[in-house]
Amino acid sequence: MDVDVTRKSFLVVDGNNIIHAWSDLLTLHRKRKGKAHSQLVRILESYQDFSDERVVLVFDGRGNRITEERNPDSVQVIYSSSGMTADAVIERLATANASRFDIVVATNDVAVQDAVAAAGGRVISAEGLRDLVESRDRDLQRWMRSR
């Protein structure tokens, strides 16, 4: 699928899925749950700072309604309501927006991947996200050395 560079791009990340797929984040999560969450936000903020994509990070929530945290120019963090999974939120985001925006969803959940692809979005695995983030970090390091 070719990417239309005139359309705004969004990287939607299945937070808990990535935390459980990346061994370093899973180790943090097992020690103290909030640490893995914070570390993933930091990683994605760094990625967003040096990319043309807006990053939306989705977690399972516990409240009565969907909530979000958004600071200007920062990663948007969405928490599903207690009656809805993060997967459902991600699928709704992709279905509602894939025709207007370039949507890429990072998850290892095959059902979510199928729903996103059916909606017209693209998917990458947890390892694909790791590769993307590390590649952006290498590009940034090269750019900094050249200055």
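For the chain, the fraction of C-alpha pairs more than 21 angstrom apart is 43%.
Would you work out which of Ile66, Ala126, Leu28 lies farthest towards the positive end of the dipole of the chain, given +1 charges on the beta-carbon of Lys and Arg and -1 on that of Asp and Glu, about the Cα centre? So the residue furthest toward the plus end is Leu28.
Based on Cα contacts under 8 Å between residues 6+ apart, the chain shows a relative contact order of 26 percent. Share of carbon and sulfur in the accessible area of the chain stands at 47%, probe radius 1.4 Å.
Normalised Debye scattering of the stretch 1-78 at q = 0.14, 0.15, 0.18, 0.27 Å⁻¹ gives log10 I(q)/I(0) of -0.51, -0.58, -0.79, -1.30, counting only Cα atoms as equal scatterers and leaving out solvent.
Using unit Cβ charges (K, R positive; D, E negative) and no other charged atoms, how large, in debye to the nearest 20, is the dipole of the chain about its Cα centre? Before the final figure, lay out the partial values.
Numbers: 21 positive and 22 negative charges, 118 e Å.
With only Lys, Arg, Asp and Glu charged at Cβ, the dipole is about 560 debye.
With R₀ fixed at 35 Å, the C-beta to C-beta distance from Thr27 to Thr67 puts the FRET efficiency at about 0.80. A cut-off under 14 angstrom between Cβ atoms defines the neighbours of Lys35, and their net charge, with Lys, Arg +1 and Asp, Glu -1, is +4. Helices meeting the span-like rule in the chain (full DSSP H runs, Cα extent of at least 18 Å along the helix axis, mean Kyte-Doolittle score of -1.0 or higher): 33-49.
The values are calculated or read from the model by the stated rules, or taken from the named source; none is laboratory data. Small disclaimer: the values here were computed from a predicted structure and weren't measured. Using ideal geometry, Cβ is built from the backbone for each residue, glycine included, and neighbour counts are taken over all protein chains shown. Each accessible area value is taken on the protein alone, full model and side chains, heavy atoms only, with ligands, DNA and RNA left out. Shrake-Rupley method; radii C 1.70, N 1.55, O 1.52, S 1.80 Å.
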